[in-house]
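Read-outs throughout are calculated quantities, based only on the coordinates presented, and are distinct from any laboratory measurement. Everything numeric in this text was worked out from a predicted model, so none of it was measured. Because the Cβ atoms are built from the backbone with ideal geometry, glycine has one as well, and the counts that use them run over all protein chains shown.
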Amino acid sequence: MEITVRGLWTMIHGMGFGALYLLACSGAMVELRRYGRRGAEEVGANDRDSFVRAYLLIMVVLAWLAVLTGTYGIYPWYRAVPPAGTVGLAGFPQRLLLSSPSTAGWHSLGMEWKEHVAWLVPISITMAAGVVFRYGNDLRNHAPLRHAVVCFVAVSFFAAGVAGFFGAMLNKNAPVSGGPTIHLARGESR
Amino acid sequence: MSEENPGAKAALPLGPGAAAMLAAGVGCCALGVLAVATDHVPWLRGKMIFYRPTGPLSGVTTCAVLVWLLVWIFLEWRWGRRDVGLRPIATLALVLLGIGLLLTFPPVSDLF
């Protein structure tokens, strides 16, 4: 059982940072909406506020790590140009997808959308975290602000979902692989 | 709003929240506009290559993030200590976010 370095980074980017972010989104939206239902004297309101701040901070870190590793780590491997005369395109995912009409759409729609829409995620969630850090429990007094923040988080969820879906499908049709191989375990051959 | 707590008094001014929200909307819209412009203007495409292995995407995203942060700093400076009307600003921020989202969608960006 082995994996290439590029494959490992792709997995960390998608199944690590991206998938964890997606999992965290619903919790963030629920907690943000709960600010509107809290009373000033509610027992544990401050503890919950601290929890939400930490939760959103982790989401901010995940979002930035996902887009930065994607844009500056994996995307260059994806769009690498093969030297003239190259026959096998396995190490050049973008060119491999574009080489067939049946797979070209995964690049022209999937990657073209994913590479841009994903950047809405860190902007939106950083704003949401900034607002929660600034206002905390005082958000219960500002319904329009609270609702708008929930909308931004919902859009970030959608954008992360688009990026995640197309990331998975792109990697299924033209995997990003190459570089040194890491041996994870030795299996028994039959 | 039905969720408001009657009698609760706002302790913090609304300006910083409005600034954060509107700046995020502007940043998201800037991302969409820059993505479309870079796709359609060859001269700009060349200028947006900040990091060659990533290509124009590096410039588009860096510029959008810079726009977002600069607008946030500017609005925080202007509104940081005062109240502003949240509802129209929230609406504008969400419209800008929606425009940004639409412009990143290739079938829409190809219309220009």
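Numbers at a glance
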item	result
Phi-based couplings in Hz for segment A:140-146 (Karplus 6.51, -1.76, 1.60; Gly and Pro marked x)	4, 8, 10, 4, x, 5, 4
Separation between Cα centres of segment A:131-146 and segment A:85-125, rounded to whole Å	39
Helix A:120-135 vs. chain A, principal-axis angle (Cα, 0 to 90°, nearest 10)	20
Among A:W113, A:V132, A:L97 - extreme Cα towards positive end, dipole of segment A:91-190, charges at beta-carbon	A:V132
Alpha-carbon centroids, segment A:1-75 and segment B:7-66: separation in whole Å	21
Efficiency of FRET between B:R45 and A:M169 - r from beta-carbon atoms, R0 25 angstrom, step 0.05	0.45
Principal-axis tilt of helix B:15-40 within chain B, Cα atoms, nearest 10 degrees	20
Pairwise FRET efficiency - B:I73 versus A:S26, Cβ, R0 = 22 Å, nearest 0.05	0.10
Estimated FRET transfer efficiency when R0 is 30 angstrom, pair A:M11-A:L109 (beta carbons, to 0.05)	0.80
0 to 90° range, to nearest 10: angle between helix A:45-69 axis and chain A longest Cα axis	20
Distance (nanometres) between label positions extended 7 Å along Cα→Cβ at A:V61 and A:V81	3.9
Dimensionless Rg over Rh [segment B:22-109; C-alpha; Kirkwood]	1.06
Average other protein chain Cβ within 10 Å of Cβ, residues A:147-156	5
